[in-house]
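Reading through the structure tokens given below for one structure.
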Amino acid sequence: MAHLSPSELPAALGSGLLSFPVTHFTAERELDEAAYREHLAWLSGYRVAGLFAAGGTGEGFSLTLEETDRVVRAAVEAVDGATPVIAPATGSTANAVAQAKAAEAAGADGILLMPPYLTEASQDGLVEHISAVCEASSLGVVFYSRANAVLKAEAVEKACDRNPTLIGFKDGVGSIEEMTRTYARMGDRLVYVGGLPTAEVFALPLLQLGVTTYSSAIFNFVPEFALTFYDAVRRQDQTAVYAMLNEFVIPYTQLRDAQRGYAVSIVKAGLQVIGRPAGPVRPPLTDLTELELTTLTDLVKRIGGVPA
């Protein structure tokens, strides 16, 4: 299956809302590929600019290499060209290179390069990590600057100079100063993606820094609300944005913050609320309590997201 070229991918990703689909598991926490495919087919029916398969919200960190490949292939087949599919490259450089090669073979449109596992690294080391993954395939690569892999503006420029297929920068830090430095230095060389948990909270201020899109986890279970919110951000309609923040997003983040790891767990809980269950999360994550699930149900009802 033909995929978008690195020159085509930035415009495609920057044109609308992005999302991280959850990865579906059975009650025994085995991969539920049939349910995942059904979910992807449902999501791709909405106006979304790209789907990140087996990403953070998709519990990519808990999947085996074989499972990641199955998830990426399932996503590509399920959306059938309707939406760009971005595959993960995770863990060590060797694993990330292997996943990049597998993603190209699976027909993915691009790579999201996640932080390497556990160890800290220098800026030069991160540039080498990026370069190895970029050289492993012909796909466009989006670097996720977060956790132990925060890339400074100077290193971003160095990585771009070395790697024409490095086409995107996903910010998972939220530093206005550093994001300003990066955008001032690189301008339109990259597409900029908001990548903080519940990115809707930061979407309006980051728009001024060239971050034209973001990955929405809530799109998994309230896609209409997520798209309406994104449209309000792009119009810079502050009244509408803050109304929706107060109505749903901020109370949602307060529930998300009840436990570490709930940024993922709460999305699967949201799917349970709307009658599209995705199974439990895998350890070390934990599922919401029954009381928390009830609170979430009330929030989703508030915005009309629960079927009658």
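The values are calculated or read from the model by the stated rules, or taken from the named source; none is laboratory data. In this text the structure is predicted, and so the values were computed from the model without any measurement. Note: ideal-geometry Cβ built from the backbone for every residue, glycine included; neighbour counts use all protein chains shown. Please note that ligands, DNA and RNA were not included when accessible areas were found on the heavy atoms of the full protein model with its side chains. Shrake-Rupley method; radii C 1.70, N 1.55, O 1.52, S 1.80 Å.
Around A49, with a cut-off of 12 angstrom between Cβ atoms, what is the net charge of the other residues, counting Lys and Arg +1 and Asp and Glu -1?
Numbers: positive: R47, R234; negative: D109.
Net charge around A49: +1.
Mind jotting down the distance between the C-alpha centroids of the stretch 222-243 and the stretch 38-60, whole Å?
Between the Cα centres of the stretch 38-60 and the stretch 222-243 lies a distance of 20 Å.
Within 10 Å of each candidate Cβ there may be at most 11 other Cβ atoms; applying that plus a DSSP loop requirement, which trypsin sites (Lys or Arg not before Pro) in the stretch 156-256 survive?
Within the stretch 156-256, the qualifying trypsin sites (Lys or Arg not before Pro) (loop, at most 11 other Cβ atoms within 10 Å) are R235.
Given a 1.4 Å probe, how much area per residue of the stretch 145-245 is accessible, in Å²? Don't skip to the answer; put the middle values down first.
Numbers: 3970 Å² over 101 residues.
Heavy-atom SASA per residue in the stretch 145-245 reads 39 Å².
Please sort 200-208, 39-47 by packing, taking for each peptide the average over its residues of neighbouring beta carbons within 10 angstrom, highest first.
On the way: 200-208: 19.3, 39-47: 17.4.
The most tightly packed comes first, giving 200-208, 39-47.
Over the stretch 251-308, with every protein chain in place, what whole percent of the accessible area is carbon and sulfur at 1.4 Å, could you tell me? Could the numbers behind the result be given before it?
On the way: 1540 of 3010 Å².
Heavy-atom surface of the stretch 251-308 belonging to carbon and sulfur, 1.4 Å probe: 51 percent.
Pull up the cross-link candidates among the aspartates and glutamates for K170, meaning alpha carbon to alpha carbon under 15 Å and not fewer than 8 places away within one chain.
Hits, sequence-local ones excluded: E157, E178, D188, E200.
Mind checking which of G140, G275, G195 has the largest fluctuation in a GNM of the chain, springs on alpha carbons under 10 Å?
G275
Just want to confirm a number: the relative contact order over the stretch 1-139, from Cα pairs under 8 angstrom separated by 6+ residues, in percent.
25
Just to be sure I follow: if Rg is taken over the C-alpha atoms of the chain and Rh is the Kirkwood radius over the same atoms, what is Rg/Rh?
On the way: Rg = 18.1 Å, Rh = 19.2 Å.
Reported Rg/Rh, Kirkwood definition of Rh: 0.94.
Would you please put 212-223, 25-36, 278-289 in order of how densely packed they are, using the mean number of other Cβ atoms within 10 angstrom per residue and starting with the highest?
Values: 212-223: 24.4, 25-36: 15.2, 278-289: 17.1.
Sorting 212-223, 25-36, 278-289 by mean packing, highest first, produces 212-223, 278-289, 25-36.
Between the stretch 128-174 and the stretch 268-297, how many Å separate their Cα centres?
So the two Cα centres are separated by 33 Å.
In straight Cα distance, which lysines are under 24 Å from K301, not counting same-chain residues fewer than 8 positions off?
K268
Hey, if you put +1 on the Cβ of every Lys and Arg and -1 on every Asp and Glu Cβ in the chain, which of L196, A243, A263 ends up farthest toward the positive end of that dipole?
A243
If you count, for each residue, the other Cβ atoms within 10 Å and average over each peptide, how do 100-109, 121-130, 296-305 line up from highest to lowest?
Working: 100-109: 21.6, 121-130: 17.8, 296-305: 16.3.
The most tightly packed comes first, giving 100-109, 121-130, 296-305.
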